[in-house]
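The values are calculated or read from the model by the stated rules, or taken from the named source; none is laboratory data. Only a predicted model underlies this, so the values are computations on that prediction, with no experimental measurement involved. All Cβ positions, glycine included, derive from the backbone under ideal geometry; neighbour counts span all protein chains shown. Remember, those area values only see protein heavy atoms, side chains included, never the ligands or the DNA or RNA. Shrake-Rupley method; radii C 1.70, N 1.55, O 1.52, S 1.80 Å.
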Amino acid sequence: MRTHTRSGESQCRLRTRQDWCVRLCVAAVLFAGVAGGETASASEAVIELAARTVVKIYGAGGFRGLESYQTGFLVSAEGHVMTAMSTVLDSGEIDCVLDDGRRYEASLLGIDPRREMALLKLDGEGLPFAPLDGGRLASRTAAAEADERTGEQNPPAAAGPLPHGDLAPPATRVYALSNLFGVAVGDERVSVQQGVVAAVVPLAARRGAYEAPYAGDVYLLDFTVNNPGSAGGLLVDVKGQPLGMLGKELRSSAAGIWLNYAIPLPEVAASFHALLTGESTEMEATAESFPFDTRLLGFLLVPDILEKTPPFVEAVIEATPAATAGLREDDLVVAVGSRSVTSCAAVAAELSRIDDGDAVRISVIRDGQIVDVNLGPRPPMRLPVAEEPVLGEGR
Amino acid sequence: MRDATVQMPLVRPARLPDAPGRLRGGWLVCCSCVMLLSQALVADGREVAAEVLAAQQHRVEVVSKISAATVAVFAGEQGGGSGVIVSPDGYALTNFHVVQPAGLAMRCGLNNGQVYDAILVGLDPTGDVAVIKLVGRDDFPYARLADSDAVRVGDACYTVGNPFLLASNLQPSVSLGIVSGTHRYQFPAGTILEYTDCLQVDAAINPGNSGGPLFDAAGDVIGVNGRASFEKRGRVNVGVGYAISSNQLRNFMGSLRSGLLVDHATLGATVATGADGKVYVSDILESSDAYRRGLRYDDEIVSLAGRPVRTVNALKNVLGILPAGWRVPLVFRREGRVEEITVRLAPVHAAAELAEIAAGRRQSGPPQRPGEGPAEEESPVVPKLPEPVRDLYETKTGFSNYHFSRLQRDRVTAALRASVGDENLRGVWEIDGTLEDGRPFRIELSDVLATIDLPTGTSRLDPREALDKSPVPPGSGGMLVALVVWRKLLLDGPETVGRTDAVGTAPVSPDLLPVKAETSLADLLRTDVGGVSAETFVAMDGGPTAGRVVGVDLWASPQADPCEVRFERDPAEASRPAWMPTVIEVHSGSTRFGRFSIRSFQVRPADSDATSTEEPAS
C-alpha cells in the first residue's frame, strides 16, 4: 500500500499537498469495515450491478503477445459499449459477451485516438449500463444510502476539499472489473479487484516515460489493474459510482515500471458523446487529424501539395530504420500493411493507426516491381502539445 | 493466454527477488493500520467508531489463528513452499509441485518457531495437491475446510504462506484481498496441474505461496493457493492468483489420506460449444461408461453431478473436482428429449503413466530443471528417511505411501467389525421379502451355498469356488456374488477374505452430489477375492450409521458392468441389529435390477444347516 503511494508521489506532480497519513487512515478505516463483514451484502450488490454492465470483447490477435480479448462496458440500454482502442478491434468480427453469457456481434461506431477509446454498438435493448452522467449504477443499495445519510464514512467529506471537481479523491475505495487474462468465458463473471485511488494526476506529466496520446488526468491506483485484457474495464467506487475506464497497459521506457491507472469517467463521457455525434471521429478522419510523421521512421515523402499527392519517397535519412530496411528515394508507397494507399495523407493516416511498437511493413513500387519493406516497430507518435479542452467537458 | 498462467515455481532459497510488485505483507498492513489509527486519534482527536475497532480486533484474532495453522514447507536445496494443517494429528495440505522435488520427506516450520519432520502421504499430480503428515505432536493447530461453493465474489480473503521463502523466522506472511472470481478454469500443463473450479483472488500469491492456504474472513480454509497469472511483469503477483477450492480438496481428501496416487476423472468424451452456445458431445469413446449408458455424439450436455453445464469450462470444472471411479448423474438432451443417466468416471491416466509423473520421470508438467527428481525412487529400495518418519513409509504400486492405506484399512475394518458386534453370525442367512411388484423373493447365504429365489427363477453358487464364473442372477451383474462377499466381509473381516486396500472415499449414491457434508461420503475398501473385485462402502465416522456396510460394487470381470448393491436401513426399524439392512437395491449398468424389501432376516446356526457337509475352517 505505502510503497505504491510513495512511488506515485515521486513520479508525478501532485496537485494537492494533503496529509497522506490522514488519507491512508481513511482508507484503512473503511477497509476494516468491509473486511469485518459489516457491508458484505452491500459490496456483493455493488459488484453484481457493476458486473452486469461489463462486456467481454473478443477480436483480432492471439499471437506474438497480442491478446485477442479485452473489456468494455455498456453505457446505454440500447447496447452502446465504450472500450479501449486497440488491435483487438482490428477485426471484421468483434464479439461481445455479456455477464449473463449472451453473445453479440458488435459494430465499431468510431474510435477516439486521442483518448485511445472506441465506441461499439451491439443490437440490444433494455440492457444494464453504467451511466456516464455521474449517476450511480442502476439501483442504489440500502447500505450506500445509509452511508450517505450518516456522512461519517464518506471519503470525500473525510478527505477534505476535492482537488478535481467531480473526480473521486485519493483514498476512495474502488473495485476494478475486467476481463483480465481472458480468464472468464461465456457466462462466467469478469474478475473483480479491490483497491484505493492513490492519486489523481495528469498523465501528461509522464511524457517521456509513459507514451500515450492521452494527456489528461488519470486515477492512479494502488493495485495492479492494467493487466492483459483489462483495458476498457470499469472502475467503480465501493458504493456503486462508476469512476472511469481502465487504461491500456503502459510501461515506463525509462524505469520499466508498469502504471496502474484508469481514465476518469468525464473523459469517457466526452469521448462517447463525440463518437456518437460523429464529431470528427470517423476512422479515417481521426487518423488523418493526427498524421504520423514519417521522419520518425527515417524517410520523407514528397511535399503534399495536391489533393492526392502520389506518395513518392523524397529522401531517406541515414542510420534510421528506413535506411537499414533498404527504402530508397523515388520508391512509390502503395500499401501500408495490407491497406493500399494512394496519397501522402493516406500514408500518414495509415501509419498513425498502427499501435506503438507494432511492426510497420510497407509496400513500394521500385523499377516496376512491388517490394516489401519492413521498417521495424512503429515509434510512438509525437502529438501536438495538448490543445485544450476536448478533455474538459463535464467538469 | 496460452502462456499467461503458470504454476508458481519453487523458489530457490539463495536468491530473493527485489519484489517490484505489490507485496501486501499482511503484518505490515496491519501494523501500519494500527499505527495510522493511533496517529489519527492523536492528530485529529477524531473518534474511531467502535465497530471499526471491533472489526480490526476480529481481524487480528483471525490472523493469529490462521497463522498458527500455516506451514512453511522446506524442500531442501530445491526450495520450498507453504502448506496448511487440517487435523490435530498433523495431516497437512500442500501442492504436488511443492513436494515433488523433496521426494518423501520434508521439514515443516510453524509460527511457534518449531520445525517438524513430515512424510508424504497422498499425491494428486493432476490437481496439483499433496497431503503430508507432520509428526511429533497430536495437538497441532489446524484449520477447518469450509464450503467453497458458498464463497461469493467480493468476499474478503487471506492468503497466508511463505512467499519468496521470506519466513526464515518461521513467521508466515499474510495478505488480505477479495475473491475476484469463482468457478474459474485454468488450463493444465500437459495432462497435469489442471486447476478446475478454482477461486481467483487479488490477495497476493507469489512464488513460495504455493501450497499455502486461502482463508475466508472467518479463518476457515476455502482453498489452497497454487498458481497465478503472470505475463509481462516478472514472476510477482499482479493481483491475479488462483486457489484449488476446498470442495475439490474435500472430495479427494479420503483418497489422499489413504496414501493413494490419485487420478482425476474423464467422461471418455470430448465436448465443444455449438453455434448456439450450448455444449455438445464432439467425440466419444465406445469403450467409455458414458457410451454404454447411452451418451452419443452430438448430444447436448445439460448438467453433470448436479451442476448445470452451459460452457465447456463449466463441464471441465465439474469433472475436475471429482476423483476417478465416482459415479455421477449426467443429464443430456437429444432431439428435445431430456434423459438422465449415471456415469462411472474413468481415470485420465494409465496407472504407470501417473507413477512416472509423480516420480518426476515424465515431463508432463511445467519445465523442471534437468537432473531433478527423486532418483532414489528408481530402485525399489526404500530411500533413507529421517528417523522420525522412517517407519511411516511403505512402497506399493498405485500408492504414494502404502503405510497410510494400511492405517485407513485398519481403521475402517475396526469400525466395520464394531458395527456387527459380538453376535455369532456364522450360519445360514435367510432373507425373505418382497419385490416392488409384491411378488416374493428368498435369499439364503451360507459358507457352502448361496441361493436366490426370484419369480423369474432360482440361481445358486458355491462360495468356495471361483466367484467370477457365475455372475448370477442373470442381468444383475453378480448380485449373489456381491452378497456372498458382503457376508464374508462381515463374518471374517476384510483382511482374511482377500487382499484388501483402503482406496479413499466416495458417495454411496450419485444423488448425494455435489458433496455437501463429509458424512455423505463412505470409506471405500477394495477386496480381491475368488477372481472378483469388490468395493465395499463403509459409512463414515460421525454419522449415525458409522461402520455399517452401505454398499458393495462387484466386478465379476474388469470389462463388464459391475453389480451395484446398496443396503438401506429404515431408521424406524428397531427390532433387528443395526447392521441388517431393511432394503437391498441392485443396479447393473443401465438396469435397475430390483429393489428387495426385507420382511424377515434370520441367522440360522450353522449346525442346523442341512446342506452343510463340511464346515470350512474360519
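Residues being within 14 Å of chain A (Cβ to nearest Cβ), among the aliphatic types (A, V, I, L, M), crowded, with 22+ Cβ neighbours inside 10 Å and not in a loop (DSSP other than H, G, I, E, B): count how many of those fall in the range B:136-170.
Result for the range B:136-170: 1.
Restricting to the range B:573-584, name every residue that is surrounded by fewer than 19 Cβ atoms within 10 Å (Cβ to Cβ) and either in a strand (DSSP E or B) or not assigned by TED's automatic domain parsing to the domain that holds B:L483 (or both).
Correct list: B:V583 only.
Scanning the range B:187-224 for residues that are more than 14 Å from every other protein chain (Cβ to nearest Cβ) and of a type in the set (G, A, S), which turns out most open to solvent (accessible area, probe 1.4 Å)?
Per the criteria, the residue is B:G190.
What number goes with the only condition from (1) in contact (Cβ under 8 Å) with a residue 60 or more places away in the chain; (2) under 19 Å from A:Y175 (Cα atoms); (3) crowded, with 21+ Cβ neighbours inside 10 Å that A:R114 does not pass?
For A:R114, the exception is condition (2).
If you take just the strands (runs of 3 or more DSSP E) that sit entirely in the range A:304-395, which of them hold at least 1 residues that are at pLDDT 85 or above and under 26 Å from A:D112 (Cα atoms)?
The strands (runs of 3 or more DSSP E) meeting that bar are A:332-336, A:359-366, A:369-377.
Of the residues B:G268, B:G259, only one is touching a Leu at 6+ places or on another chain (Cβ under 6 Å) and not acidic (D, E); which?
Among B:G268, B:G259, only B:G268 is touching a Leu at 6+ places or on another chain (Cβ under 6 Å) and not acidic (D, E).
Looking at the structure I just gave you, is B:I119 outside the structural domain of B:G320 (by TED's automatic domain parsing) and in contact with a Cys (Cβ under 9 Å, 6 or more places away or on another chain)?
No.
Quick check: is even one residue across the range B:177-186 buried (at least 21 other Cβ atoms within 10 Å of the Cβ), in contact (Cβ under 8 Å) with a residue 60 or more places away in the chain and away from chain A (no Cβ under 14 Å)?
Within the range B:177-186 (the criterion being buried (at least 21 other Cβ atoms within 10 Å of the Cβ), in contact (Cβ under 8 Å) with a residue 60 or more places away in the chain and away from chain A (no Cβ under 14 Å)), the answer is no, since none of the residues qualifies.
Part of a loop (DSSP other than H, G, I, E, B) and crowded, with 22+ Cβ neighbours inside 10 Å: does that describe B:L256?
no
Only one residue in B:D511, B:D468, B:D492 is in the same structural domain as B:G542 (by TED's automatic domain parsing), over 30 Å from B:L145 (Cβ atoms), in contact with a Gly (Cβ under 9 Å, 6 or more places away or on another chain) and open to solvent by 10 Å² or more (accessible area, probe 1.4 Å), so which one is that?
Sole residue among the options that is in the same structural domain as B:G542 (by TED's automatic domain parsing), over 30 Å from B:L145 (Cβ atoms), in contact with a Gly (Cβ under 9 Å, 6 or more places away or on another chain) and open to solvent by 10 Å² or more (accessible area, probe 1.4 Å): B:D468.
Restricting to the range B:413-464, name every residue that is touching a residue at least 60 places away in the same chain (Cβ under 8 Å), charged (D, E, K, R) and not in a helix (DSSP H, G or I).
Across the range B:413-464, the qualifying residues are B:E423, B:R426, B:E430, B:D432, B:E436, B:D447, B:R464.
So, in the range A:41-57, how many residues would count as being more than 9 Å from every other protein chain (Cβ to nearest Cβ) and open to solvent by less than 20 Å² (accessible area, probe 1.4 Å)?
Total meeting the criteria: 7.
Under 12 Å from A:G59 (Cβ atoms) and modelled with pLDDT of 95 or more - does that describe any residue in the range A:74-83?
Yes, there is a match, as at least one residue in the range A:74-83 is under 12 Å from A:G59 (Cβ atoms) and modelled with pLDDT of 95 or more.
Which one is modelled with the lowest pLDDT, of the residues in the range A:246-267 that are part of a strand (DSSP E or B) and within 11 Å of another protein chain (Cβ to nearest Cβ)?
That would be A:R251.
Write out, first by first residue and then by second, each pair whose Cβ atoms fall under 6 Å of each other, whose residues are 6+ apart or on separate chains, and whose first residue, in the range B:282-309, is within 20 Å of B:P347 (Cα to Cα) while the second is of a type in the set (K, R) and crowded, with 19+ Cβ neighbours inside 10 Å.
If the second residue must be of a type in the set (K, R) and crowded, with 19+ Cβ neighbours inside 10 Å, the pairs left are B:D289/B:R344.
B:I301 - would you say it is within 14 Å of another protein chain (Cβ to nearest Cβ), open to solvent by less than 20 Å² (accessible area, probe 1.4 Å) and outside any helix (DSSP H, G or I)?
It is true that B:I301 is within 14 Å of another protein chain (Cβ to nearest Cβ), open to solvent by less than 20 Å² (accessible area, probe 1.4 Å) and outside any helix (DSSP H, G or I).
For the range A:184-199, what are the residues that are under 20 Å from A:A84 (Cα atoms) and either more than 9 Å from chain B (Cβ to nearest Cβ) or open to solvent by 10 Å² or more (accessible area, probe 1.4 Å) (or both)?
Scanning the range A:184-199 gives A:V185, A:R189.
If you check B:L480 against the conditions, is it at pLDDT 90 or above, not assigned by TED's automatic domain parsing to the domain that holds B:R250 and not hydroxyl-bearing (S, T, Y)?
Here the answer is yes, as B:L480 does meet what is asked.
May I ask you to say which residue of B:D553, B:D570, B:D541, B:D561 is among the acidic types (D, E), outside any strand (DSSP E or B) and surrounded by 14 or more Cβ atoms within 10 Å (Cβ to Cβ)?
B:D561
For the range B:267-287, check the following and say yes or no: at least one residue is in a loop (DSSP other than H, G, I, E, B), within 30 Å of B:F404 (Cα to Cα) and either of a type outside the set (D, E) or within 25 Å of the chain's Cα centre (by Cα) (or both).
Among the residues of the range B:267-287, at least one is in a loop (DSSP other than H, G, I, E, B), within 30 Å of B:F404 (Cα to Cα) and either of a type outside the set (D, E) or within 25 Å of the chain's Cα centre (by Cα) (or both), which makes the answer yes.
Can you tell me which residue within the range A:279-303, out of those that are in a loop (DSSP other than H, G, I, E, B) and in contact with a Pro (Cβ under 6 Å, 6 or more places away or on another chain), is modelled with the lowest pLDDT?
A:F290
For the range A:231-245, which positions are within 27 Å of A:S41 (Cβ to Cβ) and either among the small types (G, A, S) or within 13 Å of chain B (Cβ to nearest Cβ) (or both)?
Answer for the range A:231-245, where residues must be within 27 Å of A:S41 (Cβ to Cβ) and either among the small types (G, A, S) or within 13 Å of chain B (Cβ to nearest Cβ) (or both): A:G233, A:V236, A:V238, A:G240, A:G244.
Does any residue in the range B:345-356 that is in contact (Cβ under 8 Å) with a residue 40 or more places away in the chain come within less than 9 Å, Cβ to Cβ, of a residue that is surrounded by fewer than 16 Cβ atoms within 10 Å (Cβ to Cβ) and among the hydrophobic types (A, V, I, L, M, F, W, C) six or more places away or on a different chain, and which pairs are these?
B:A346/B:L285
Out of curiosity, is B:G81 more than 14 Å from every other protein chain (Cβ to nearest Cβ), assigned to a loop (DSSP other than H, G, I, E, B) and modelled with pLDDT under 95?
no
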